[in-house]
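To start, the structure under review is shown below, and the notes come after it.
The values are calculated or read from the model by the stated rules, or taken from the named source; none is laboratory data. Worth saying up front: this structure is predicted, and the values here are computed from it rather than measured. As a convention, Cβ positions derive from the backbone with ideal geometry for all residues, glycine included, and neighbour counts pool all protein chains shown. Side chains included, ligands, DNA and RNA excluded: accessible areas come from the protein's heavy atoms. Shrake-Rupley method; radii C 1.70, N 1.55, O 1.52, S 1.80 Å.
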Amino acid sequence: MSENINAGNPRRRDGKKVVLSGIRATGNLHLGNYFGALSKFVRMQDDYDCRYFVADLHALTTHPDPKMLHENVKDILAEYLAAGLDPEKNTIYVQSDVPEISEMYLLMNMHVGIGELMRTASFKDKARKALGISTGPSNGQEGSVENEADDEGIEKQIIGNQTNQRVNAGLLTYPTLMAVDILIHHADFVPVGKDQEQHLELTRRFARRFNSFYKTPYFGEPVNFNFGGHAVKVPGLDGSGKMGKSEGNCIYLIDDEKTLRKKVMRAVTDEGPKEPNSPVSEPINNLFTLMELVSTPDTLEHFRNAYADCSIRYGDLKKQLAEDILKITLPIRERILDIRNNDEYLSRVVRQGAERAREAASQTLREVREIMGIRKF
Ligand code: TRP
């Protein structure tokens, strides 16, 4: 194979570039998932050959719960569809329905170093959590911890650990699995939030390594996708950091009106500006950032001006913010409730999705086996 197959990627439908992304099945989707990923998925569905999946195997690295797993998969699926993903236009599937991914994950692991995996920020973060090691003052943000002294501690604890707390190997090889999710489709674009950039960088590295080891330009290099600019970071309601499931500072798409209003009204604020044109503190800036995402420019300007001239009342700001969030989430919530109960529809969607995904995946796997020298008698 001397030519880059990806150049005329036969897996693309209608000559469109391939988009691939997924979300782990570990709980309901929140506004961070919505603005960081899901809303981009929806915007891309007309112009690209999009494949969106529910990462249930990835969920097992941290949430191995046989009672909840299937429910969690159904939640994400219903949320995908409720947010506007069209199962006819897109390939929507469940990761474990495509066994080719698991096989290629085994093969790809032969080209991945345990050192580079151990240095991955999300691994160090999750390993610390698994071992119950506190991450100090910079706690909370995935991938934010970069402390050499700490790192040495963590490597020793992982290897020498005698307790029943352990860091499972699935967590270590998480980036391999994610790379395979992407490469098995020869994806061109991978719309993900900022926290996934490092995983995407590893994906490109593994692709290059595979190509150079087998001396064939087989895989292309997928890139993130942002509409006109940088990745959005959606802040939480607790005054600092991003919105995240484990931070307990989330607004969920499934939140009912009362719950949502209550959460917004309880958001952390400060004492208020004492003099005109005061600098904006982080908690207030976070509320403005949320407003930027959900409110009209006029509304945002109104409250920014009110802050600048000290007439702002945070209660009013929050009321308006809650109102504008609800305009987006309530219609989605209604659809989630509808779809979530329609087992027949959900199973039709994933059956069709798996079929399409497997078509691409089995071709890639066949070629990868061939390149690696695994041949049939
Ligand atoms: N790691 C991603 C997350 O935690 C989920 C994911 C798994 C993913 N495989 C992927 C995202 C492939 C994009 C492409 O959000």
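Details
- Filtered by the rule that a residue be farther than 20 Å from THR329 by Cα, away from the ligand (no atom under 12 Å from the Cβ) and of a type in the set (Phe, Trp, Tyr), the range 20-73 gives a lone residue, TYR48.
- Summed over the range 110-151, residues that are among the β-branched types (Val, Ile, Thr), surrounded by 15 or more Cβ atoms within 10 Å (Cβ to Cβ) and at pLDDT 80 or above total 3.
- For the range 184-208, taking the residues that are touching a residue at least 40 places away in the same chain (Cβ under 8 Å) and closer than 17 Å to LEU365 by Cα, the one that is nearest to the ligand (Cβ to nearest atom) is identified as ALA187.
- Screening THR259 with (1) open to solvent by 50 Å² or more (accessible area, probe 1.4 Å); (2) of a type in the set (Ser, Thr, Tyr); (3) farther than 21 Å from ASP75 by Cα; (4) at pLDDT 95 or above gives one miss only, at (3).
- Taken as a whole, the structure places LEU85 among residues that are at pLDDT 95 or above and surrounded by 14 or more Cβ atoms within 10 Å (Cβ to Cβ).
- Members of the range 270-299 found to be open to solvent by 80 Å² or more (accessible area, probe 1.4 Å) and not in a helix (DSSP H, G or I), listed by number: GLU271, LYS274, GLU275, PRO276, ASN277, PRO279
- So LYS129, is it assigned to a helix (DSSP H, G or I) and closer than 30 Å to SER347 by Cβ: no
- Of all the numbered requirements in (1) within 16 Å of the ligand (Cβ to nearest atom); (2) acidic (Asp, Glu); (3) part of a loop (DSSP other than H, G, I, E, B); (4) at pLDDT 90 or above, ASP181 misses one, and that requirement is (3).
- Looking only at the range 300-348, and only at residues there that are open to solvent by 30 Å² or more (accessible area, probe 1.4 Å) and in contact with an Asp or Glu (Cβ under 8 Å, 6 or more places away or on another chain), the one that is farthest from GLU79 (Cα to Cα): CYS310
- Residue pairs whose Cβ atoms lie under 7 Å apart, separated by 6 or more positions or on different chains, with the first residue in the range 348-366 and under 13 Å from MET104 (Cβ atoms) and the second modelled with pLDDT of 95 or more and basic (Lys, Arg), are ALA357/ARG51.
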